[in-house]
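The values are calculated or read from the model by the stated rules, or taken from the named source; none is laboratory data. Being a predicted model, the structure only gives us computed values, none of them experimental. As a convention, Cβ positions derive from the backbone with ideal geometry for all residues, glycine included, and neighbour counts pool all protein chains shown. SASA here: full protein model, heavy atoms, side chains in, ligands and nucleic acids out. Shrake-Rupley method; radii C 1.70, N 1.55, O 1.52, S 1.80 Å.
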Amino acid sequence: MLSVPVPVAGAGAARGAGSLPRRRTMCSGVGCFWALLSAGLLAACAAAFLSPAWLLPPGRAAAGFGLLWRCAGPPRGCHGSAGPGGFGDIPSGSWQTSAVLCAGGCALLALSSLLAIVAVLLPGGACERRVCTLAGYMQTAAVFIMASGLLVYPFGFNSATVKRFCENSDIYYAGDCQIGWGKALLRRPTCMLNEQFLELLKSMTSSSVVDKPPVRRVAIFGGTHGNELSGVFLVKHWQENGSEIQRTGMEVKPFLTNPRAVKKCTRYIDCDLNRVFDPDNLGRTVVEDIPYEVRRAQEINHIFGPKGSDDAYDLIFDLHNTTSNMGGTLILENSRDDFTIQMFHYIKNALAPECCPVLLIEHPSLKYATTRSVAKHPVGVEVGPQPQGIVRADTVDKMRKIVKHGLDFVQLFNEGKEFPPCTIEVFKIMEKVDYPRNKNDEVIAIIHPKLQDQDWQPLNNGDPLFLTLDGEVIAYKGDCTVYPTFINEAAYYEKKQAFVKTVKVKLTAKHIRSSVLDQNTS
């Protein structure tokens, strides 16, 4: 029989082991979840801080910039920006500041995570509450510090190093590059506060209206290529009866750009008129044997320019046809042209749900000295498919609608309508692709049936490109998705171009209005 201990009055409470009170700790479901969440956020911050995938250049699936690393290839090709040269080798003062802030935030988050784990193991009471409160304050401070680092980071987009990889990048504008998973991962712990900061910053920057000069002189070019007949037919019609294109407060001039080529129904007489509006040709001395299109370019520049001057026409619509299945395409030459981007946004919305792709031909090495580049705001209109030398009613109708909506936009703008910030998706030209050729420079393969007529559709590694007459399939080899266009364009065989590769990017235009309002109210 077991004996039962008897307590002694006045003495310390001698209790059996089974009756000792348990030390209450914070190891509840909520406490453990908080500790695990803190540790998880710390791991995410550390991974993001060390990641080379903060800023990703286009077409470089394995390349990227991080705060401390710059990766130019596979993982073993990565190297630290803060390598042998030290902290000063980080390519931007803004990124150095961001690195310090993010590192400080991560360190503070590490300490708060440690306190969270300690608080789980502490017995309940004042000590535990003090530790939890301190950890909470430290986590809040860490979030604010890392959020500040993230806000500082985009100021480094205008550094020379970044601009070499990300064309047109500037402060808070990544240009051709995209924000990678590293920065996005670091943003997760700070997402609520940081998103509020970004929205506030966006509202502060977008609320200011940019005044643009009114658009008073507009030209519509047709026949730049004499066998692209939709524009030829429309321009000739509008020269006879221009009521359809006239708008209050502006002059709209329809103009046949290459009349000799139109008469012969050929693309050009001596050379491509749409490629000779460069300084060399426009400044060329007129002699007897000068190419007809060069002489014509100088005449057009005299009438509608001079190119790059304040006296140049405000806006030119240049009407073209393509044998490719591009639909009604708008061509943009300058990614910083807020007015034209706003116009394209308006046209796309007016045509919806009909698709209206935008092709951005801005490229550091592919230079287009186009006819329309004489104007302050050049707009290319490319509609197809339509064979050369004929005209189709549906193609003319599509081109006509695009011009109408563009002129409507100009009229609304001139009348004082404000256009708030907008974003459009564009296809940015990256590279021209030639047909496979033999040693005699002869084409030996044709566009594969699965690629034919698939303009603007995604092209992935391994997809068929060309087909030889022996039945061999030549596939696309690339590490990123591209979007081909001008596929099998008849006029580009002579230019050794089977199609062009594009990538999708987004462009944002500022809040604009016509400055004529300020003049009227002053």
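Some values worked out for this structure:
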quantity: Counted residues, the stretch 390-429 - those being surrounded by fewer than 16 Cβ atoms within 10 Å (Cβ to Cβ) and among the small types (Gly, Ala, Ser); calculated: 2
quantity: Failed item, numbered, when Pro378 is tested on (1) buried (at least 21 other Cβ atoms within 10 Å of the Cβ); (2) over 26 Å from the mean Cα position of the chain (by Cα); (3) not β-branched (Val, Ile, Thr); calculated: (2)
quantity: Matching residues in the stretch 206-232 - criterion: being part of a loop (DSSP other than H, G, I, E, B), modelled with pLDDT under 95 and hydrophobic (A, V, I, L, M, F, W, C); calculated: Val209
quantity: Single match in Thr395, Thr423 (criterion: over 25 Å from the mean Cα position of the chain (by Cα) and among the β-branched types (Val, Ile, Thr)); calculated: Thr395
quantity: Subset of the stretch 291-316 that is assigned to a loop (DSSP other than H, G, I, E, B) and surrounded by 15 or more Cβ atoms within 10 Å (Cβ to Cβ) - its residue that is farthest from the chain's Cα centre (by Cα); calculated: Pro291
quantity: Residue check, Pro364 open to solvent by 60 Å² or more (accessible area, probe 1.4 Å) and either farther than 27 Å from Glu418 by Cβ or in contact with an Asp or Glu (Cβ under 6 Å, 6 or more places away or on another chain) (or both); calculated: yes
quantity: The stretch 254-275, subset of a type outside the set (S, T, N, Q) and part of a helix (DSSP H, G or I), residue most open to solvent (accessible area, probe 1.4 Å); calculated: Lys263
quantity: Residue satisfying condition, being within 33 Å of the chain's Cα centre (by Cα) and open to solvent by 30 Å² or more (accessible area, probe 1.4 Å), within set Ser230, Ser208; calculated: Ser208
quantity: Residue satisfying all of: in the stretch 483-511; hydroxyl-bearing (Ser, Thr, Tyr) and buried (at least 19 other Cβ atoms within 10 Å of the Cβ); farthest from Met326 (Cα to Cα) among these; calculated: Tyr492
quantity: Of the criteria (1) surrounded by fewer than 20 Cβ atoms within 10 Å (Cβ to Cβ); (2) not in a strand (DSSP E or B), which one Lys432 fails; calculated: (2)
quantity: Contacts under 7 angstrom Cβ, first residue in the stretch 362-382 being farther than 19 Å from Phe427 by Cα, partner open to solvent by 10 Å² or more (accessible area, probe 1.4 Å) and among the aromatic types (Phe, Trp, Tyr), 6 or more apart; calculated: Val374/Tyr313; Ala375/Tyr313
quantity: Test: Glu251 is open to solvent by 70 Å² or more (accessible area, probe 1.4 Å), touching a Lys or Arg at 6+ places or on another chain (Cβ under 8 Å) and at pLDDT 95 or above; calculated: yes
